[in-house]
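> There's a structure below that I have some questions on.
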Amino acid sequence: MPIRIVTDSSADLPPELARRWDITVVPCNVVLNDVSYKDGVELSPGEFYRRLESSPRPPTTSQPSVADFQAVYQSLLAQDNQIMSIHVSGKLSGTVNAAERARESLGPQSASVVVVDSRQASLPQGLVALSAAQAAASHQGPPAQLADQVRASLPKARCYFLLDTLEYLQKGGRIGKAQAFVGNLLSVKPILTIQDGEVHPVERQRNRQRAVARLVELAKGLGPLSKLGVIYSTEPEQAAALRHSLAGLLPEDEIILSQFGAALGTYIGPRGLGVALIQG
């Protein structure tokens, strides 16, 4: 039986890649101006950022419901698939817990579903899901066996995010150990990473130009790479330039270019820029 990959919209996978590899993306929920939207379905990234800065209150997010996952799992199982469900870090969201509860509700069919905590968020989570989908295309064993391989590879998934401000991360309660930067930033630009499932500070740069250059240096320091992507919130031209600067690590047309969706954009804010990669 084929293994289908399920993830959530926190993965920020470009829709065309998800379609190409039959990855099912379950949308997270975003509440903006008291209205709840399905991330990427009812609220596009472009519309979200247009409305973000004028919103009188910061947006909030919530994980997909158990019922959302049940519906996806039951549909895929009815088509004679097995399932590996790969999700945003359990330290940042209750999504993994909701997925696991949905799996447990399936009774005897639960053996055909395995849930994996990616220990990441945004595009590095997406790269883990993409790698799993590519491996699943030739995998002959049960999903639990493939899940063991995916979990063993998780330390190879890395990321660096440049934020214009920590305001959104702090207001959203996802700042983690990057709290150490708060109150000391003034005009400097923070570079963060996700380590052990939560946000960690990396360093501060005095201006954005230097910070972008450091993203390149940090990524190059982790080569060789099997996968590489650039992600942005509101400045596609700068993301394209960063992608070009990274072309020595992988051919430029193999470097994924993506945008933070509303679920992650709630915490990243405008002018966010990042590099996600898998070593190997």
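> Mind checking the full-extension length gain between R101 and K220? Use 0.36 nm per residue of separation minus the Cα-Cα distance, one decimal, nm.
Separation in residues times 0.36 nm, less the Cα-Cα distance, equals 38.9 nm.
> Quick one: helix 95-104 against the long Cα principal axis of the chain, what's the angle to the nearest 10°, folded into 0 to 90?
Taking Cα atoms only, the helix is inclined about 0 degrees.
> Compute the signed sum of charges (Lys and Arg +1, Asp and Glu -1) over the other residues within less than 13 Å, Cβ to Cβ, of A241.
-1
> Once you have the Cα-Cα distance between Q170 and S75, take 0.36 nm times their residue separation minus that, and quote the gain in nm to one decimal.
The span from Q170 to S75 would gain 30.4 nm if fully extended.
> Let me ask something else about it. Give the cross-link partners of K171 among the aspartates and glutamates, using a straight C-alpha distance below 18 Å as the criterion and excluding same-chain residues fewer than 8 apart.
Result set, ordered by chain and number: D34, E53, E198.
> Please list, in chain and number order, the residues 5+ apart from V199 or on another chain whose amide H is under 5 Å from its amide H, with Hs placed from the backbone.
HN-HN under 5 Å from V199: K177.
> For every other residue with a beta carbon closer than 12 angstrom to the beta carbon of K38, add +1 if it is Lys or Arg and -1 if Asp or Glu, then tell me the sum.
Details: positive: none; negative: D8, D39, E42, D68.
Residues close to K38 contribute a combined charge of -4.
> Sticking with this structure for a sec: Averaging the inverse of every distinct alpha carbon separation and then flipping it gives the Kirkwood radius. What is it for segment 76-148, in angstrom units?
12.7 Å
> Filter the cross-link list K38/K227; K91/K227; K156/K220 down to pairs whose alpha-carbon distance in this structure exceeds 19 Å. Before the final figure, lay out each step's value.
Details: K38/K227 28 Å; K91/K227 24 Å; K156/K220 14 Å.
Flagged as over cut-off: K38/K227; K91/K227.
> If you take the beta carbon distance between R50 and Q140 as r and set R0 to 35 Å, what does 1/(1 + (r/R0)^6) give as a FRET efficiency, to the nearest 0.05? All intermediate terms of the calculation are to be shown ahead of the outcome.
Working: r = 47 Å, r/R0 = 1.35.
The formula returns an efficiency of 0.15 here.
> For F161, F48, which order do you get if you count the other beta carbons within 10 Å of each Cβ and list the fewest first? Please list the in-between numbers first.
Numbers: F161 28, F48 24.
Least crowded to most crowded, the residues run F48, F161.
> Go through (i) 30, 22, 16; (ii) 29, 21, 21; (iii) 42, 23, 17 and flag the label whose value is the computed semi-axes √(5λ) of the Cα gyration tensor in Å for this structure.
(i)
> By how many nm would the segment from A111 to R19 grow when fully extended, if each residue of separation counts as 0.36 nm and the alpha-carbon distance is taken off?
30.6 nm
Throughout, read-outs are computed from the coordinates displayed, never taken from laboratory work. Because the structure is predicted, anything quoted here is derived from the model rather than measured. So basically every Cβ, Gly included, is an ideal-geometry build from the backbone, and we count neighbours across all protein chains shown.
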